[in-house]
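Okay, structure first, notes after.
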Amino acid sequence: MSQKINAAIAVIGIDIGKNSLHIVGHDHRGAIVLRQKWSRGQVETRLANLPPCLIGMEACVGAHHLSRKLQMLGHDARLMPAKYVRPYSKGQKNDFRDAEAIAEAVQRPTMKFVATKTAEQLALQALHRVRDRLVGQRTGVINQIRAFLLERGIAVRQGLHSLRFELPGILATRIDVLSPRMSLIIEGLVEDWRRLDQRIERLSSEIETLAHQDEACRRLMTVPGIGPIISSAMVAAIGAGDVFSKGRDFGAWLGLVPKQTSTGDRTILGSISRRGNRYLRALFVQAAWVVLVKIRGWERYGLNSWIRAAKKRLHHNVLAIALANKLARIAWAVLNKGRAFASVKTEETASRPA
């Protein structure tokens, strides 16, 4: 690129691919002055020679790493959700059109951006994703064992512990319905189950150790129902939570608020929107059930009046979602404000609706 073109570029849109990246650059008036395809190895070298400019990318695999590199070069690199970029695409879809849409979207003053994750956040997030995959595989193995037994008329009570307790006796005594071949198959599945348990336990221990070493995670664990898994997953997902202006925005991002299809003067609210981070949303719902089922001293957390009032008018499943939203908003405040959770009992908070 010539020096003249370099000086003219003010905004760049990058469409990230596996091996190549498509680049579109705008000048201060919005005219396209750069339209090229670069390999991954060329990006940092070529952008290092440009004066600082605004660079937009979709938040996808590899985007956080590239964003950190470009920020180190002095550029203002920003990540955006792909669904917010799509409305700016014009004509037929191709990589250069996508890069042009990204360059248009990153300049919008109302655009919502994704915070660039640090290498530590991505490593912690990787631990959670591997653990979540292994838990899913373990559930599949357990369901397969139950199905094989049920096909032979052997029903086992619900629950992981019940199956683990009854399996040795079933394999030893029910030779009337379990052939030697089927017994060997189930024993192999039990061995798979044992190996998955060991890997999940190792990952859980590592996550717990990291959570207790991190100050933000320790503050989050003062919130009722939140332990090492949820606190570390939240820190890995949103860092200090600066991308959200208030806890309500975080709850909406998790998908714990009603889906709204309002028009005119009619406010129409449906079921929860289920948008955002599915893994983190499921963890907060589990935390809400822990608070409702296992914690009896709601008074010390300032939740007694709120939960009792909500119980009178909400189904227990709806109450769990409402409490999950409340816990998420409390957790965001604890994370963003840098203070541990402490209940404040006032008449106003006690009478506030769910």
What residues qualify as long-range amide H neighbours of K259, i.e. H under 5 Å apart, gap of 5 or more or another chain, H built at 1.01 Å from N? G270, S271, I272, S273
Sequence-separation-based contact order of segment 86-228, relative, with Cα cut under 8 Å and 6+ spacing, percent: 21
Between S179 and I295, with labels modelled 7 Å along Cα→Cβ, what's the label distance in nm to one decimal, could you check? 5.3
Can you work out the Karplus-derived ³J(HN,Hα) for every residue in segment 69-74? Use 6.51 cos²θ - 1.76 cosθ + 1.60 with θ = phi - 60°, whole Hz, and x for glycine or proline. 4, 5, 5, 5, 7, x
Long-range amide H partners of I16, meaning residues 5 or more apart or on another chain whose placed amide H is closer than 5 Å, are E58
Rounding to the nearest 20 debye, state how big the charge dipole of the chain is about its Cα centre with +1 on each Lys and Arg Cβ and -1 on each Asp and Glu Cβ. 800
What list of ³J(HN,Hα) values in whole Hz, one per residue of segment 124-137 in order, does the Karplus curve 6.51 cos²θ - 1.76 cosθ + 1.60 (θ = phi - 60°) give from phi, with Gly and Pro shown as x? 5, 5, 5, 4, 5, 5, 5, 4, 4, 5, 5, 4, x, 5
Show me the trypsin sites (Lys or Arg not before Pro) within segment 91-128 that DSSP assigns to loop and that have at most 16 other Cβ atoms within 10 Å of their Cβ. K93, K112
Between segment 146-174 and segment 228-303, what's the alpha-carbon centroid distance in Å? 37
Note down the nm distance, to one decimal, between modelled labels 7 Å out along Cα→Cβ at D95 and at K312. 6.3
Which of the lysines could be linked to K294 by a straight reach, that is with a Cα gap under 26 Å, when you skip same-chain ones fewer than 8 residues away? K311, K312, K326, K345
Near the amide H of L34, under 5 Å away, which other amide H atoms are found, from residues 5 or more places off or on another chain, if H is placed in the peptide plane? G25
So how much accessible area does K69 have, in Å² to the nearest 10, using a 1.4 Å probe? 70
Quick one: if the Förster radius is 25 Å, what FRET efficiency do Y279 and Q71 give, using the C-beta to C-beta distance and rounding to 0.05? 0.40
Over segment 1-113, with every protein chain in place, what whole percent of the accessible area is carbon and sulfur at 1.4 Å, could you tell me? 51
So, in nm, how far is label K83 from label R129 when the simple model puts each one 7 Å beyond its Cα toward the Cβ? 1.9
How big is the charge dipole of segment 49-142 about its Cα centre, in debye rounded to the nearest 20, if each Lys and Arg gets +1 on its Cβ and each Asp and Glu gets -1 on its Cβ? 340
Ratio of alpha-carbon Rg to the 2.2 N^0.38 Å globular estimate for the chain, to two decimals, please. 1.26
Send over a whole-number figure in Å² for the accessible area per residue of the chain, probe 1.4 Å. 57
For the chain, build the charge dipole from Cβ charges (+1 Lys, Arg; -1 Asp, Glu) around the Cα centre, then report which of Q107, L269, A328 sits farthest towards its positive end. L269
Scoring the chain by relative contact order with C-alpha pairs under 8 Å, at least six apart, yields a percentage of 12
When every protein chain stays in place and a 1.4 Å probe is rolled, V177, V235 sorted by accessible area with the largest first are V177, V235
With every protein chain left in place, what is the accessible area of L203 in Å² (1.4 Å probe, nearest 10)? 20
Determine the dipole magnitude for segment 289-339: charges of +1 sit on the beta-carbon of Lys and Arg, -1 on that of Asp and Glu, nothing else is charged, the reference point is the Cα centre, and the result goes in debye to the nearest 20. 100
With a cut-off of at most 16 other beta carbons within 10 Å, and DSSP calling the residue loop, which GluC sites (Glu not before Pro) in segment 98-164 qualify? Please list them. E151
With a 1.4 Å probe and every protein chain left in place, tell me how much accessible area F96 has, in Å² to the nearest 10. 50
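The values are calculated or read from the model by the stated rules, or taken from the named source; none is laboratory data. None of the values given here were measured: they were computed from a predicted structure. Cβ: placed from backbone, ideal geometry, glycine included. Neighbour counts: every protein chain shown. The area values use the complete protein model at the heavy-atom level, side chains included, leaving out ligands, DNA and RNA. Shrake-Rupley method; radii C 1.70, N 1.55, O 1.52, S 1.80 Å.
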